[in-house]
Amino acid sequence: MSETEHPPSPDGLPIFGNGVAFSRDPVEAMESWAAHGDLVHLRFMGESMYLVTHPDLIKQILVEEQHKFTIGPEQQETFAGVEDHAMTTATGDRWKRLRRAAHPAFTRESIASYGDRMASVTARFVDEWADGEQFDLHAEMRRLTVQILGETLLDADLRGQEEVVIEAADALVDRTNFRRPGQLLPDWIPTPTDRRFRRTVQRLDAFVDELVDERRDTGTAASDDVCATLLAAHEDGDLTLPEVKGNLVAFLLAGHESPAGTLTRVWYVFEDNPDVYEALCEEYDRVVSGDRPTIEHYDALEYTQHVVAETLRIYPPTTGVNRQATEPVTLDGYELPEGARFLIPQWVPHRDERFWDYPEAFIPDRWTRETDRPEYAYFPFSGGPRGCIGNDFARQELTLALATMVGRVDLDVTADEPLTFIPSVQLRPATDITAEVRRR
Ligand code: HEM
């Protein structure tokens, strides 16, 4: 039992509270707050928020006592106006129905059926790069992951149309960016960011509407993708048409940025860990016969899977998981009221030396060792019933896309050290990361 009634509370500025430190450097802020304890009380613009960083407390919230929590209002506010019909903003029975209807598209079997498309789209994408070509790596990886989603979600070739998704996601991240000037204004004052948000979201909605309507006109049975599963659920009366479209919009937004960020960071990590890139190439040459990997190679690409897992540990793509208590809860010995809000960041437990040897080092082989580490010291996809529906999809996509790239190119990456991040819902690098292509 704790000795005081309230969790420790790191100092913040009057009015803005701890938000100023977060806007300066989100990961440094979260690390410094966590130094006060496993459960810490923060204030953001007068709002109370608890930071939770011990794996056992995280498991309690996400799994063991998940029925006492719902997604935080932050998540609903972030996605309001763009994912109103999607599972991301839904709660209670509506969320259960939306999630259940989408489930068949994310079973292991369905995901395996997307495997060859994940690799072939990557091969097609990489083959367009010329030797010596230079680009903004994150922007390029986002175009790639949007194209992969186009083929696997919608059976559509989105080459040349990626910006529709990318601009809407940028507007979303901007809206939650603590550094943007209008962030401190009341919600009813429209800012240029809000206007841009509305414009890009309308464009994305119209884009998905058109693709889905086209599919309905031509019949859905022939295709084997996420859209077909959702339309089948619509025909069975389990989803409304706006819910089918809303979920597809949510998958396009949630499903492209995190995988793209992870691929960007993998290549960034190779710069300081050339032995990892060499080991990947060695595995590729040993395991993959033919022009590129297929789903049959997936299990054997063990080292590649470990590189992906380690990248998600050291650079988790999301800032954290949000929850709100729907009834009074006892956490770490403290009695917290109904309505208490929680931020559960991956960055801190993923690098906590109580649970990891050499937490700052990139060691893919740590994933081959037996360990008694608590389960929720690692949760890039969150966990429990509300955890990421795209977890297995993303791990398979990242493994096959990375192997396909490694079989074809080396990327010479330039970036300032260490990486810094935009204070937003995603830990998107604020640092420019450029890459130059060297064909293998
Ligand atoms: C590296 C890749 C990814 C990471 C790290 C990631 C991480 C996350 C996290 C942390 C959450 C919050 C879960 C919670 O509140 O407990 C989430 C939710 C979600 N993710 Fe992902 N994600 C990734 C890829 C994907 C992909 C590829 C898709 C779809 C194709 C996707 C779709 C979603 C959806 C729809 C939700 C909301 C689930 C719900 O509310 O029930 N994600 N993701």
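Computed from the coordinates by the stated procedures, all read-outs in this text should not be read as laboratory data. In this text, all values refer to a predicted model and were calculated from it rather than measured experimentally. FYI the Cβ positions are ideal-geometry reconstructions off the backbone, even for glycines, and counts take in every protein chain you see.
Structure values in brief
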item: Mean projected area in nm² (Cα convex hull; one quarter of hull surface) for region 235-278; result: 4.4 nm²
item: Residue-span extension gain [Glu65 to Tyr358] - 0.36 nm each, minus C-alpha spacing; result: 102.3 nm
item: Residue with peak Gaussian network fluctuation, the chain [Cα springs, cutoff 10 Å], from Thr145, Thr311, Thr294; result: Thr294
item: Values of log10 I(q)/I(0), in the order q = 0.07, 0.09, 0.10, 0.14 Å⁻¹, for the chain under a Debye, Cα-only, solvent-free model; result: -0.34, -0.58, -0.73, -1.47
item: Inter-label distance for Asp299 and Glu335, nm, one decimal - labels placed 7 Å from Cα along Cα-to-Cβ; result: 5.3 nm
item: Reachable aspartates and glutamates, given that their alpha-carbon falls under 17 Å from the alpha-carbon of Lys68 and they are not under 8 places away in the same chain; result: Asp56, Asp93, Glu327, Asp332, Glu335, Glu338
item: Per-pair calculated FRET efficiency, R0 = 22 Å: Gln161 and Asp291 via Cβ, rounded to 0.05; result: 0.25
item: Long-range Cα-Cα pairs in region 1-109 (distance over 17 Å), rounded percent; result: 67 percent
item: For region 377-434: rounded, prolate or oblate by the Cα gyration tensor [a/c cutoff 1.5]; result: oblate
item: Length released on extending from Glu327 to Thr434, taking residue separation times 0.36 nm less the Cα-Cα span; result: 33.7 nm
item: Region 226-361, Cα convex hull volume normalised per residue, Å³; result: 187 Å³
item: Contact order normalised by residue count of the chain, Cα under 8 Å, 6+ apart, percent; result: 26 percent
item: FRET E, pair Asp224, Asp372, Förster distance 45 Å, beta-carbon r, rounded to 0.05; result: 0.60
item: Anchor Lys96: aspartates and glutamates whose Cα lies under 12 Å away (excluding residues fewer than 8 positions away in-chain); result: Asp238
item: GluC sites (Glu not before Pro) lying in DSSP loop within region 331-440, provided at most 13 other Cβ fall within 10 Å; result: Glu338, Glu353, Glu360, Glu370
item: Restricting region 112-142 to GluC sites (Glu not before Pro) in coil, as DSSP defines it, with at most 16 other Cβ within 10 Å; result: Glu128, Glu133
item: Hydrodynamic radius of region 230-308 per Kirkwood, over alpha carbon pairs, in Å; result: 15.6 Å
item: Region 196-346: relative contact order as a whole-number percent, Cα under 8 Å and 6+ apart; result: 15 percent
